[in-house]
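Please read the structure below before turning to the comments.
Please treat every number below as a calculation from the coordinates, not as lab data. Predicted model only: the values in this text are computed from it and were never measured. Note that each Cβ is placed from the backbone with ideal geometry, even for glycine, and that neighbours are counted across all protein chains shown.
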Amino acid sequence: MQQFVVPQFIDVEDKIFGPITTRQFLILLVAGIAVFFAYRFGDFSMFVFTLVVGGSLALIFSFVKINGQSFHYFLLNIVQTARRPSRRIWHKRYSKKDLEFFRKQTVEEKIEEEKRKPEKREHIRDLALLVNTGGFYRPEDDV
């Protein structure tokens, strides 16, 4: 029998520089480039704002894990949960025409049911004969 190697630890990301993964490196690289452009082409207040906001967001998105999942997955789950209601209520509104139709339909069904009911004893007898004969006896043929 041929054996196959099963990969293990497939949920662990590959490391590039020490403990830094590819995803973390790319996030920090984009934030670093944004801070550099703010320093090079903007004034000092824009540089500080980009450094504080962009840098902290980059650090949060790259290193913070909540319940064992990355922060961007956690944030995505929060957004999806907020968009989707947890309680689903169906409010069906019937018009008077629909209600009248349903009322007439139930009255007609009750009348038809009363007409179709066979004698209870005959029905039980027919069922017993059907079971005892293994399905060869058909009560419809007897009429």
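Assorted remarks:
- Which of P85, F37, A128, positive extreme of dipole for the chain (C-beta unit charges): F37
- Fraction of alpha-carbon pairs over 28 Å apart in the chain - percent: 66 percent
- Ranked list, fewest to most other Cβ atoms within 10 Å of each Cβ, for L28, L76: L76, L28
- Reported value for the stretch 15-83: 103 Å³ per residue, from the convex hull of its C-alpha atoms.
- Highest average packing first - 95-101, 31-37, 85-91, 61-67, Cβ atoms within 10 Å: 31-37, 61-67, 95-101, 85-91
- Computed from Cα atoms, the angle from the helix 22-41 axis to the main principal axis of the chain rounds to 50 degrees.
- Over the stretch 15-83, relative contact order from alpha-carbon pairs under 8 Å, at least 6 apart, %: 27 percent
- Two-site label geometry, I20 and V64: point separation in nm, points 7 Å out along Cα→Cβ: 2.1 nm
- Full extension of the segment from L99 to F49, taken as 0.36 nm per residue of separation minus the current Cα-Cα distance, would add 11.6 nm.
- In the chain, the DSSP-assigned H stretches of four residues or longer account for a calculated mean residue ellipticity at 222 nm of -19000 deg cm²/dmol, using -39500 (n - 2.57) per stretch and the full residue count as denominator.
- Projected label distance in nm at L129 and F9, using a 7 Å step from Cα toward the beta-carbon: 7.8 nm
- Potential extension, S86-A34 segment - 0.36 nm per residue separation minus Cα distance: 14.8 nm
- Extended-chain gain in nm, criterion 0.36 nm per residue less alpha-carbon gap, Y137 and S56: 20.8 nm
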